[in-house]
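The values are calculated or read from the model by the stated rules, or taken from the named source; none is laboratory data. Predicted, not measured: the structure shown is a model, and the values here were computed from it. Every residue, glycine as well, gets a Cβ built from its backbone with ideal geometry; the counts of neighbours run over all protein chains shown. Just the protein is used for accessible areas: all its heavy atoms, side chains included, with ligands, DNA and RNA removed. Shrake-Rupley method; radii C 1.70, N 1.55, O 1.52, S 1.80 Å.
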Amino acid sequence: MARFAVAEKFVSINGEGAKAGELAVFLRFCKCNLNCGYCDTRWANSEAVKAEYMTAEELLKYVKATGVKNVTLTGGEPLLQGDIARLLTLLVEEGADVEIETNGSMPVRALKELLPALSFTVDYKLPSSGMESHMLVENFAYLSSCDTVKFVAGDRADLIRAEEVIKKFGLVEKCRVYLSPVFGQIDPEKIVEFMKEKKLNGVRLQLQLHKFIWKPDERGV
């Protein structure tokens, strides 16, 4: 029976995304196949992280016990976990509203076709991350109005690239689109000015609520 490497699990508010401010159960999995320069959960990717190994059934039991309907799978990179489809199927069958935060380098087609009710937040890693070459733009073809593409920008060059990708793939017409600042690296006001300058209709500025409520590096929130 497959066991999932869990870095932490907790209940908090969604700090970002379409359900920002709503309660959610977070399941953070270990390990990631990317190494973004601004990564704020690098500790979960370390070989030294103390993982809790749990079955899909054990994770479902934990989620049910919280009484919270929104469930966010994050990491690390949750799609690296073996048999993730089984866990997702159990959660959806239980009536959970499931969101998967994925880094944009893993294919989503099979899961979207298996479980259309899933909501994906797919990153597109911009140049300052150092990971743009790993992006699977073919994922965009399988996204719909319940999904999100998130661009985390650290400078104007990132914003210019984000605009290019948004327009090239018609993302505003497919799904939700967010621009978010690398925390402490670019003033959110500069992103707003860029949005005004480029007339980015349908694109939303997103700030990470949890970094304003708690310490920016606080875990379990």
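Quick notes on this structure:
- Dipole of segment 97-140, positive direction: furthest Cα of VAL122, PHE140, ILE100, with charges on the beta-carbon: PHE140
- Peptides 125-135, 205-215 ranked from most to least packed, by the mean per-residue count of other Cβ atoms within 10 Å: 125-135, 205-215.
- Solvent-accessible area, 1.4 Å probe, carbon plus sulfur percent, for segment 159-214: 52 percent
- Modelled this way, with points 7 Å down the Cα-to-C-beta line, the labels at LYS190 and ARG3 are 4.6 nm from one another.
- Out-of-range pairs (alpha-carbon distance over 21 Å; input LYS125/LYS190; LYS19/LYS190; LYS125/LYS174; LYS19/LYS211; LYS9/LYS215; LYS150/LYS211): LYS19/LYS190
- Segment LEU207..GLU57, full-extension length gain: 50.6 nm, with 0.36 nm per residue of separation and the alpha-carbon distance subtracted.
- Hydrodynamic radius of segment 10-64 by the Kirkwood approach over all distinct alpha-carbon pairs: 13.3 Å.
- Alpha-carbon gyration tensor eigenvalues x 5, square-rooted, for the chain, Å: 28, 19, 17
- Restricting the calculation to Cα atoms, every distinct pair contributes to the Kirkwood radius of segment 40-145, found to be 15.0 Å.
- Note: relative contact order over the chain, using C-alpha pairs below 8 Å and six or more positions apart, is 19 percent.
- Cα convex hull volume per residue for segment 61-102 (Å³): 69 Å³
- Per-residue [θ]222 nm for the chain (sum of -39500 (n - 2.57) over DSSP H runs n ≥ 4, rounded to 500): -7500 deg cm²/dmol
- Cα lying deepest toward the dipole's positive end in the chain, options LEU111, LEU34, ILE13, charges on Cβ: ILE13
- Approximating the spin labels as points 7 Å out from Cα along Cα→Cβ, the LYS168-to-LYS198 distance works out to 1.2 nm.
- Per-q log10 I(q)/I(0), segment 81-135, q = 0.16, 0.18, 0.24, 0.29 Å⁻¹ (Debye; single scatterer per alpha-carbon; no solvent): -0.53, -0.64, -0.94, -1.20
- Counting only Cβ charges, +1 for Lys and Arg and -1 for Asp and Glu, the dipole size of the chain around its Cα centre is about 160 debye.
- Dividing the convex hull volume of the alpha-carbon atoms in segment 1-100 by its residue count gives 98 Å³ per residue.
- Cα-centre dipole for segment 3-106 with unit charges at Cβ (Lys and Arg positive, Asp and Glu negative), debye to 20: 200 debye
- For segment 102-197, convex hull volume per residue from C-alpha positions, Å³: 92 Å³
- 1.4 Å probe accessible area per residue over the chain, in Å²: 48 Å²
- The HN-Hα couplings worked out from phi for segment 202-207 by the Karplus form 6.51 cos²θ - 1.76 cosθ + 1.60 (θ = phi - 60°) are x, 9, 10, 6, 10, 10 Hz, whole numbers, x standing for Gly and Pro.
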